[in-house]
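Remarks on the structure that follows.
The values are calculated or read from the model by the stated rules, or taken from the named source; none is laboratory data. Computed from a predicted model, the values in this text were never measured in an experiment. No Cβ is skipped: glycine too gets one built from the backbone with ideal geometry, and neighbour counts run over all protein chains shown. Accessible surface is based on the protein model in full, side chains and every heavy atom, while ligands, DNA and RNA are left aside. Shrake-Rupley method; radii C 1.70, N 1.55, O 1.52, S 1.80 Å.
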Amino acid sequence: MDDEYAKLIRRMNPPRVVIDNNTCEDATVIQVDSVNKHGILLQVIQVLNDVNLVIKKAYISSDGGWFMDGKVYSSSAASVVSSCASFSVPHLILFLHYLISVFNVIDCDGKKIRDKEVIDYIQQRLETDASFAPSLRSSVGVMPTEEHTSIEFTGTDRPGLFSEVCAVLADLHCNVVNAEIWTHNDRAAAVVHVTDHSTGYAIKDPKRLSTIKELLFNVLRGYDDFRKAKTSLSPPGIMNRERRLHQIMFDDRDYERVEKAVGRVEDKSSRPQVTVLNIEKDYTVITMRSKDRPKLLFDIVCTLTDMQYVVFHGMVNTGRTEAYQEFYIRHVDGLPISSEAERERVIQCLEAAIERRASEGLELELCTEDRVGLLSDITRIFRENSLSIKRAEISTIGRKVKDTFYVTDVTGNPVDPKIIDSICRQIGHTKLQVKRSTILAPKPPKETTTGFFLGNFFKARTFQTFKLIRSYS
């Protein structure tokens, strides 16, 4: 019944998307107005991420209104019901929240979005998908295809783990075409897309799939408690790997802190700062200050969505190196955070969401011709030279691979430059290149941002600053 209402509302009051290159001097402004439903903000941000846009600022507001006969009214319930009393025919009346989100975005080169193909893609996706969001846990980002088999796994992180996984897949004649690997708090998770190297398509034989799952489970288990390692095979499909990785690591409780290994140099000042307060009776206010990076907003909203919270109002502001975010949230049941235990859990989970994708270590980029067993050979060389892979993105386009690895030594500290030079000579300097190092980088000057930007808006019980002049009557 809820889906039928959502479809009806969408048909009678479709989402509105405005893409403006004139208002702001240094960014493209994208405004999306749609019916607010759990997960809708994440869908909008996902579309922007799909075309690799960088969100520099964002403003989010959701005001309650009454939906009657295909229009949205901001008036009170009593006045709407009173106005209906004079009608002699039934009228559809629903109370809903209308989400207005405004994003200042740039491309990866720091420029406005001028490409008409990209603009049309954003417009079409948002206007098509933004008002009707099916259950996120089961179907977000999934499109059926016969191209590959998706493998998901979690386990205790250790040096050489990904190398061992790649060796098993190579021995089983599986070709890795795409993958993403994250490590956080001594936990490792990955979503790996493989094909049968003889056919180039997804693996469907149940017996072979069972063998893959069993052997990978043995590798992941290692010396760990067998209950902590997990391996699963999903039906062939194209998944949003980043979205799925957040869910996998959240379910694996990677947000629980562990003691760092002896000898590990950790800069605690670089940790994100998260506060959670109930300063208004109807909302919980979350403020976050951290190092800025691409897809930061996506990572945070992913976690809030998975924890069953809805963002009603918010703002994002980024400086040269730092990002400040503030959200007014409620649980999907309409209540703010109500206990100290819940507050602490939200803080831990948001810290984890910010840290999972942090580019820890030396960045190495591999660009070369694809071949069966290539990834197994590369990761074996890393393992033999005592490198630990902290994060990796594996991609194949045609016959070319472009793989990015973030590596440290086995203790989590910077890698000896002589070892890197030796590895580059072994693989080939034209194939493997050093991009940058993020360990113990010079600390940027502290940027100041005033907390609780939105507090005064709530005291005035209005959010007009967030709205462009628009009437919904």
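Data table
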item	result
Flag for LYS443 being modelled with pLDDT under 90 and in contact with a helix residue (DSSP H, G or I) (Cβ under 9 Å, 6 or more places away or on another chain)	yes
Qualifying residue in the range 356-367 (condition: outside any strand (DSSP E or B) and in contact with a helix residue (DSSP H, G or I) (Cβ under 7 Å, 6 or more places away or on another chain))	yes
Failed condition for GLU180, given (1) of a type outside the set (Phe, Trp, Tyr); (2) modelled with pLDDT under 90; (3) under 30 Å from ILE19 (Cβ atoms); (4) open to solvent by less than 40 Å² (accessible area, probe 1.4 Å)	(2)
Given (1) over 27 Å from ILE151 (Cβ atoms); (2) at pLDDT below 90; (3) over 22 Å from the mean Cα position of the chain (by Cα), index of the condition THR438 fails	(3)
Some residue of the range 13-24 being among the charged types (D, E, K, R), surrounded by fewer than 19 Cβ atoms within 10 Å (Cβ to Cβ), at pLDDT 75 or above and part of a loop (DSSP other than H, G, I, E, B)	no
Per-region count, the range 322-372, residues under 30 Å from ASN175 (Cα atoms), surrounded by fewer than 20 Cβ atoms within 10 Å (Cβ to Cβ) and not charged (D, E, K, R)	5
All positions within the range 145-174 that are more than 23 Å from the chain's Cα centre (by Cα), surrounded by fewer than 18 Cβ atoms within 10 Å (Cβ to Cβ) and in a loop (DSSP other than H, G, I, E, B)	GLU146, GLU147, ARG158, PRO159, LEU172, HIS173
Residue list for the range 390-430, restricted to those being in contact with a Lys or Arg (Cβ under 8 Å, 6 or more places away or on another chain) and at positive phi	GLY412
Lone qualifier among THR465, THR449 - being in a loop (DSSP other than H, G, I, E, B), among the hydroxyl-bearing types (Ser, Thr, Tyr) and either at pLDDT below 95 or within 30 Å of THR284 (Cα to Cα) (or both)	THR449
For ALA358: the one exception among (1) at pLDDT 95 or above; (2) of a type in the set (A, V, I, L, M); (3) under 28 Å from the mean Cα position of the chain (by Cα)	(1)
Qualifying residue in the range 86-96 (condition: under 30 Å from LEU304 (Cα atoms), crowded, with 18+ Cβ neighbours inside 10 Å and either modelled with pLDDT of 60 or more or not charged (D, E, K, R) (or both))	yes
Residue check, SER232 under 17 Å from HIS173 (Cα atoms), outside any helix (DSSP H, G or I) and modelled with pLDDT under 90	no
Failed item, numbered, when GLN325 is tested on (1) of a type in the set (S, T, N, Q); (2) in contact with a helix residue (DSSP H, G or I) (Cβ under 7 Å, 6 or more places away or on another chain); (3) part of a helix (DSSP H, G or I)	(3)
Leading residue by the ranking (most open to solvent (accessible area, probe 1.4 Å)) among those in the range 281-321 that are within 16 Å of ARG271 (Cα to Cα) and among the basic types (Lys, Arg)	LYS291
Options SER101, SER83; residue that is at pLDDT 90 or above, open to solvent by less than 60 Å² (accessible area, probe 1.4 Å), over 30 Å from THR408 (Cβ atoms) and touching a strand residue (DSSP E or B) at 6+ places or on another chain (Cβ under 9 Å)	SER101
Candidate set from the range 193-229 (those that are closer than 26 Å to VAL258 by Cα and in contact with a strand residue (DSSP E or B) (Cβ under 6 Å, 6 or more places away or on another chain)); member that is modelled with the lowest pLDDT	ASP224
Qualifying residue in the range 385-392 (condition: at pLDDT 95 or above, open to solvent by less than 50 Å² (accessible area, probe 1.4 Å) and assigned to a loop (DSSP other than H, G, I, E, B))	yes
